[in-house]
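As structure tokens, the structure follows; a few thoughts come after it.
The values are calculated or read from the model by the stated rules, or taken from the named source; none is laboratory data. The structure presented is a predicted model; accordingly, all values stated were derived computationally and were not measured. A quick note on method: Cβ atoms are made from the backbone with ideal geometry, for glycine too, and the neighbour counts reach across all protein chains shown. Quick note on the areas: whole protein, heavy atoms, side chains included, nothing else; ligands and nucleic acids left out. Shrake-Rupley method; radii C 1.70, N 1.55, O 1.52, S 1.80 Å.
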Protein chains: 2
Amino acid sequence: MAGTAAEVTEDPLAARLAATVGEAHVLTDPDLRAQYEIDWTRRFGGPSRLVVLPGTTDEVAAVLRACAEAGAAVVPQGGNTGLVGGGVPRDGEVVLSLRRLDEVGTVDELGAQIVVGAGATLAAVQQTARAAGLDVGVDLASRDSATVGGMVATNAGGTHVLRYGGMRGQVLGVEAVLADGSVVSRLGGLGKDNTGYDLPGLLAGSEGTLAVITRVCVRLVPLLPARAVALLGVPDTAAALRVFAALRPLPSLSAAELMYADGLALVRAHADLGPPLEDEWPAYLLVECAAGTDPTEELGAAVIACPDVGDGAVATDASGRERLWAYRERHTEAISAAGVPHKLDVTLPLSRLAGFVDEVRGRLVELDPGATCVLFGHVGDGNLHVNVLGPAPDDDRVDDAVLRLVAHYGGSISSEHGIGVAKLRWLALTRSPEDIAAMRAVKQAFDPDGLLNPGAVLPPPG
Amino acid sequence: MAGTAAEVTEDPLAARLAATVGEAHVLTDPDLRAQYEIDWTRRFGGPSRLVVLPGTTDEVAAVLRACAEAGAAVVPQGGNTGLVGGGVPRDGEVVLSLRRLDEVGTVDELGAQIVVGAGATLAAVQQTARAAGLDVGVDLASRDSATVGGMVATNAGGTHVLRYGGMRGQVLGVEAVLADGSVVSRLGGLGKDNTGYDLPGLLAGSEGTLAVITRVCVRLVPLLPARAVALLGVPDTAAALRVFAALRPLPSLSAAELMYADGLALVRAHADLGPPLEDEWPAYLLVECAAGTDPTEELGAAVIACPDVGDGAVATDASGRERLWAYRERHTEAISAAGVPHKLDVTLPLSRLAGFVDEVRGRLVELDPGATCVLFGHVGDGNLHVNVLGPAPDDDRVDDAVLRLVAHYGGSISSEHGIGVAKLRWLALTRSPEDIAAMRAVKQAFDPDGLLNPGAVLPPPG
């Protein structure tokens, strides 16, 4: 901490913020700032002017007022688990970390909801909800670090979107501080409330460019103790989609994940896992059902009725389920162990997903004969994670080729990760000038001086 | 039609619009305009300058450009089934009816979605979806008249919100025309798409004040052929809520409706129906489960486990289900037959709903000893329809007393009907000045000249 106090006094903004939130919560020392200045991918980041960690909503408001008066740009940051550079500084911004707003309220069991601070981790909220017989509708691998505020700001996804929707769908209300320091609060937790515009829904997914979320009222869902997982071998993507369509009517269906033989081979080699099925299949569908009572029979009957399923394994006990999930969940680490991948998170219309999959591999090999393309994703949402190994990490031609092909197929260039700064260049691929103009008008309405997360989501005007 | 052509030429705007959409689709004759100028409640309405019925999105854009250039205010209108005066003219506005945009596309079965024109009725979309083995997640009594565009613009609710969410939750995309005539289109039907701000979600529930919705991509849900309905007698509101909480984990639960002995007596007398249960109960819960296979056993077992249920009837065949639903669905007509009610549509936090119910009846009798208060609603959403008979229809003290009590209990003054013009006076009861200022900024961003549905949702500035 040596030097912090001295530096605080050198920057008048730092001094003012220290007077507001306490000196210990304004970081000016480069060593202390470092962890806030680079994102999870290690691809995005830059120097900050300082990092400020307010402890209350009032302090957040005071920080934003001070920054507005000083004309200082602010990058809000949650658990810093983002993958598109939307939560890290680029060039001397103030980092406003919400981590200290980590209060987890008590569960309203009748209302099936809980109010939590923006800095509460998903895992902390899950733990509290589950103790009351309820659960959070969204789950994702970074649950121990990802914060609820950040998850709302990025409209995070995960494996249960097909059942419960994304993070926006879990938001019953938010409290947020606007760029001028005014506080907007809708924490009543009313599922049905048509009293004016849906500001909470608008802030969800706005990546910190419209306001700073400070508290969230999170919808909770029933805790479902009985689970069954099936790993199904299928001849191709189209078959996987037909199986998904056949299983979709099951009310207990909670996840439908797609992977391929090459990804599975990479995982097996990396994690030293045996084969999931007797024979190898070109594609695999991993499905999970969850209910109050054992859904195994229901799932089994539905799977048997699918002529496209070549072979399958079903697990009902915890260790068996974990074993099957491992083939899917360990894709990320297996890919990272093989090199530094281009990671592209995209959605395709289900009706065009098979065509995209067939074409994207060829395109990438055309671009770079050494390229390897490992695909997997949340097939229930049409959401694919396209991982490209081989080309240099800064070879933007890879991103460009994949995202153009996505747009050609009527897909989304940003599925659950957001635009951040990583996809700014390609925004116009799927958003018309009129749409971008409308978004710019919204930005202008909330943040006329452009101080909140500048350079994220929308390209600079002009 | 005599006189129309002559009048068209008298109003230069009418002449310009007639040149754009055809003379037959610009109504200036007062007799032809009449049905567009008064709402379903007969409480709201006023004269229009003219009624224009464009037939395509391009024509809607041309109409809005012409109105913008003429400085003419525009009230968008769908099926005109609204209850808060949000879709009818007040004072010489142009009525822009979307009824001719009634195209129903083909079902995308794999994507579980359909693109329809704003003027398509819910019933038309339901029919097409069901023929493909799918269904719309929202259902409501006005399905034959209510249009999808209007339902999105008002974020309509209905009986299945607890399972599938409101109309906003069914929107996978919209095409909309902004006040300046520019067209924003997001009809790709991608469930997961974090490419910038959620404009479709913002337009949902904005009641025609931000843009004119012209097409909608509607999410479809599995068609569930097996249904079971139970009517349960309980001693009071708190018991009804406990029963609901116990049934909520059932994945097949599709509706949970509350009514009371006085409302049931009114319905029975009006419709000449026998008693639903052997004994009379102070409160009744009507629940419906829907699934791929018969949910009767599941529902029965869950009900039997509820100590609060005094008595119950279960119906699984269509006529029995219809008979039980009639006790709930015929409330509206039975109340209307008894007089002209004050109809207030409110939401309470579930934890405070019983307290509100106990207090509101007494408040109203204090106000007017002759007042009768009939309550019913979608208890799963905390959504009550408060019907007050006795006081004169224009006695605003009734609305004031009920809405203030709702606000006191932390509720919403506008649950599924919107603000329109009916509840403008009470907006500030549950929205802070900061919140209203933020909404005003959004309005300004989309409609700087204030030409879209002026006087609805937000009070005039200042």
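Note on the stretch A:236-319: enclosed helices (runs of 4 or more DSSP H) holding 3 or more residues that are farther than 30 Å from B:GLY137 by Cβ are A:261-271. The number of residues in the stretch A:191-233 being touching a His at 6+ places or on another chain (Cβ under 8 Å) and closer than 29 Å to A:SER252 by Cβ comes to 1.
Please determine, by comparing only the residues of the stretch A:387-423 that are open to solvent by 20 Å² or more (accessible area, probe 1.4 Å) and in contact with a Leu (Cβ under 8 Å, 6 or more places away or on another chain), which one is nearest to the other protein chains (Cβ to nearest Cβ). Looking at the filtered set, the residue picked out is A:GLY410.
Does B:ALA441 qualify as being more than 10 Å from chain A (Cβ to nearest Cβ), more than 25 Å from A:GLY191 (Cβ to Cβ) and open to solvent by 10 Å² or more (accessible area, probe 1.4 Å)?
no
The criterion of being in contact (Cβ under 8 Å) with a residue 40 or more places away in the chain and surrounded by fewer than 22 Cβ atoms within 10 Å (Cβ to Cβ) does not hold for A:ALA255. A Cβ distance below 8 Å, combined with a sequence gap of six or more or placement on separate chains, defines the contacts here; from the stretch A:357-386, residues that are closer than 17 Å to A:TYR327 by Cα and more than 12 Å from chain B (Cβ to nearest Cβ) reach residues that are modelled with pLDDT of 95 or more and open to solvent by 50 Å² or more (accessible area, probe 1.4 Å) in the pairs A:VAL374/A:ASP262; A:VAL374/A:LEU266. Residue selection: A:PRO460 satisfies the criterion of being closer than 30 Å to B:GLU434 by Cα, open to solvent by 40 Å² or more (accessible area, probe 1.4 Å) and not charged (D, E, K, R).
Exactly one residue out of B:ALA179, B:ALA204 is within 9 Å of chain A (Cβ to nearest Cβ), at pLDDT 95 or above, open to solvent by less than 30 Å² (accessible area, probe 1.4 Å) and under 30 Å from B:LEU458 (Cβ atoms), and it is B:ALA204. Looking only at the stretch A:214-251, residues that are open to solvent by less than 10 Å² (accessible area, probe 1.4 Å), within 30 Å of A:LEU187 (Cα to Cα) and not hydrophobic (A, V, I, L, M, F, W, C) come to 1 in all.
Here is a list: B:ASP135, B:ASP139, B:ASP193, B:ASP144. Which entry is touching a residue at least 60 places away in the same chain (Cβ under 8 Å) and of a type in the set (Asp, Glu)? It would help to see each step written out before you state the result.
Working: B:ASP139 fails: touching a residue at least 60 places away in the same chain (Cβ under 8 Å); B:ASP193 fails: touching a residue at least 60 places away in the same chain (Cβ under 8 Å); B:ASP144 fails: touching a residue at least 60 places away in the same chain (Cβ under 8 Å).
Just a single option satisfies the conditions, and that option is B:ASP135.
When A:GLY105 is tested against the conditions (1) at pLDDT below 95; (2) within 14 Å of another protein chain (Cβ to nearest Cβ), the lone failure is (1).
Residues that are surrounded by fewer than 24 Cβ atoms within 10 Å (Cβ to Cβ) and among the small types (Gly, Ala, Ser) within the stretch A:164-176 comprise A:GLY165, A:GLY169, A:GLY173, listed in sequence order.
Which residues, counting only those in the stretch A:41-97, are polar (S, T, N, Q) and without any contact (Cβ under 8 Å) to a residue 40 or more places away in the chain? Steps first, please.
Our first condition is that a residue be polar (S, T, N, Q); within the stretch A:41-97, this holds for A:41, A:48, A:56-57, A:77, A:80-81, A:97.
Of everything in the stretch A:41-97, nothing turns out to be polar (S, T, N, Q) and without any contact (Cβ under 8 Å) to a residue 40 or more places away in the chain.
For the stretch A:338-356, residues that are under 27 Å from A:VAL161 (Cβ atoms), surrounded by fewer than 22 Cβ atoms within 10 Å (Cβ to Cβ) and either over 22 Å from the mean Cα position of the chain (by Cα) or within 14 Å of chain B (Cβ to nearest Cβ) (or both) total 5. Which one of these does A:VAL94 not meet: (1) under 18 Å from A:ARG219 (Cβ atoms); (2) in contact with a Lys or Arg (Cβ under 9 Å, 6 or more places away or on another chain)? The number of the failed condition is (1).
In contact with a helix residue (DSSP H, G or I) (Cβ under 8 Å, 6 or more places away or on another chain) and either more than 7 Å from chain B (Cβ to nearest Cβ) or under 27 Å from B:PRO459 (Cα atoms) (or both): which single residue out of A:ALA120, A:ALA132 fits that description?
Criteria check complete, one pass: A:ALA120.
Residues in the stretch A:286-330 that are open to solvent by 80 Å² or more (accessible area, probe 1.4 Å) and of a type in the set (A, V, I, L, M, F, W, C) were compared, and the one that is nearest to A:LEU264 (Cα to Cα) is A:VAL314.
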